[in-house]
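Notes to accompany the following structure.
The values are calculated or read from the model by the stated rules, or taken from the named source; none is laboratory data. As the structure is a computational prediction, the values presented were derived from the model and not from experiment. Positions of Cβ are generated from backbone atoms using ideal geometry, with glycine treated the same way; all protein chains shown enter the neighbour counts.
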Amino acid sequence: MRGTMSAASTALPTPLSPVALRMGHLGLLPFVVGAALVWLVHAPLRPPVAQGLAVYAALVVALLGGVHWGIGFAEPSPPVSLFTWGSVPGLLAWLAAMMPPESGLVLAGVLLVAGYLVDRRVYPRHGLSAWLTLRFRLSAVAALCCFLGAAGA
């Protein structure tokens, strides 16, 4: 019964994949570079740079929602809430990508924070608590970059 709540609570913590750690940190590069460039480029280049940052942020938000689908796929009787929540970030991220960057980046930053808060409740129920520290760090940096990018857009 691997993947059920009772099995997840008694299972050994899943070790963090070194590849996932590296890729997660590398995934911050577009956030950091994008937010810095919004402030450093000449005014005519700001809108496309900010839009690029907003679209990347939307992709990441959608990916993080998709994690919930993956959790659900791994369980024999997953709760509907995994698939419901797994769909919401992508839909809202699409909206954020369609908005002007100064507001879309704010929405993306809020979604990154909200997604982390949801994951704090969901991950432990599925034996994924070990990932929360990395999830917090990556989300905090990404959200900060979104907010900084929005301020400079």
Practice prompt. For segment 16-31, enumerate the residues that are assigned to a helix (DSSP H, G or I) and surrounded by fewer than 16 Cβ atoms within 10 Å (Cβ to Cβ).
Written response: P18, V19, A20, L21, R22, M23, H25, L26, L29
Fill in: Criterion (over 23 Å from V141 (Cα atoms), surrounded by 17 or more Cβ atoms within 10 Å (Cβ to Cβ), among the aliphatic types (A, V, I, L, M) and touching a residue at least 40 places away in the same chain (Cβ under 8 Å)) met by exactly one of L64, L53, L82
L82
Practice prompt. Answer yes if at least one residue in segment 44-62 is in a loop (DSSP other than H, G, I, E, B) and hydrophobic (A, V, I, L, M, F, W, C), and no otherwise.
Written response: no
Discussion item. Checking L16 against (1) within 17 Å of R120 (Cα to Cα); (2) out of contact with any Pro (no Cβ under 8 Å at 6 or more places or on another chain); (3) modelled with pLDDT of 95 or more: exactly one of these is not met. Which one?
Written reply: (3)
Response to the item:
Selection from segment 123-143 of residues more than 21 Å from G86 (Cβ to Cβ) and touching a residue at least 40 places away in the same chain (Cβ under 8 Å) yields V141
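Here's the yes/no breakdown for (1) within 15 Å of G27 (Cβ to Cβ); (2) modelled with pLDDT of 95 or more:
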residue: P44; (1), (2): no, yes
residue: P47; (1), (2): no, yes
residue: A62; (1), (2): yes, yes
residue: G66; (1), (2): yes, yes
residue: A74; (1), (2): no, no
residue: A96; (1), (2): no, yes
residue: L117; (1), (2): no, yes
residue: G127; (1), (2): no, no
residue: A130; (1), (2): no, no
Practice prompt. Output the number of the condition that G72 fails; it satisfies all remaining conditions of (1) in contact (Cβ under 8 Å) with a residue 24 or more places away in the chain; (2) under 24 Å from F136 (Cβ atoms); (3) surrounded by fewer than 21 Cβ atoms within 10 Å (Cβ to Cβ).
Written response: (1)
Discussion item. Residue under question is A143, and the condition is that it be closer than 22 Å to A20 by Cα, surrounded by 21 or more Cβ atoms within 10 Å (Cβ to Cβ) and of a type in the set (G, A, S); does it hold?
Written reply: yes
